[in-house]
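The values are calculated or read from the model by the stated rules, or taken from the named source; none is laboratory data. None of these values were measured; they are calculated from a predicted model. Virtual Cβ from ideal backbone geometry, glycine too; neighbours counted across all protein chains shown.
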Amino acid sequence: MATSAGKRRHPRSAALVELEKVVLAALSDMKAVNVKLLDVRGLTDVADTMIIASGTSDRHVRAIADQVALKAKEHGARARGIEGQRDGEWVLVDLQDVLVHVMLPRVREFYALEQLWEAPAAQRKDQRKDQRKGRPAAATDSAPPSKRRSTRPPARRPRATRRSTRR
């Protein structure tokens, strides 16, 4: 995953916006739950948008993913790949510029993709605010140096040798 905090976001094309609308409509038609659209331009080169949605069962998740791929194909955007349909817990539909993740709620909670992809954007906004105010960017660890934990692993103790009880 290539990331760069200083990269400028390129403008969203009309085709991308239209594809997002088609995907969101397909998710709505199939009664997907808790749909979230994340703009990941500038965070990764893999895609411009990630759409995350939940289904109520593995069968529902598979059906939602199938409908998204079908509607995208009707729109003219063929799916590059669909992963996870066999298990149905997490299905990924790759529409090149739009990645659609359809998951069971427990899987979605476990992997927390929203938090993973929203956190870098929030950090960048905070850094830009600080830079505009003339302050240095906030440090990642605000604890004083004496209270910080070392990133080095602890030293290993020599392993005790056992003596054989057999004679």
Can you find a residue that is modelled with pLDDT of 90 or more, part of a helix (DSSP H, G or I) and out of contact with any Gly (no Cβ under 6 Å at 6 or more places or on another chain) anywhere in segment 75-95? yes
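Residues are listed down the side, and each one gets a yes or a no for (1) under 19 Å from A15 (Cα atoms); (2) free of Cβ contacts under 8 Å to residues at least 24 places away in the same chain; (3) touching a helix residue (DSSP H, G or I) at 6+ places or on another chain (Cβ under 7 Å); (4) of a type in the set (V, I, T):
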| site | (1), (2), (3), (4) |
| --- | --- |
| T44 | no, no, no, yes |
| S57 | no, no, no, no |
| L70 | yes, no, no, no |
| E83 | no, yes, no, no |
Considering each residue of segment 42-53, count those that are surrounded by 15 or more Cβ atoms within 10 Å (Cβ to Cβ) and modelled with pLDDT of 85 or more, and give that number. 7
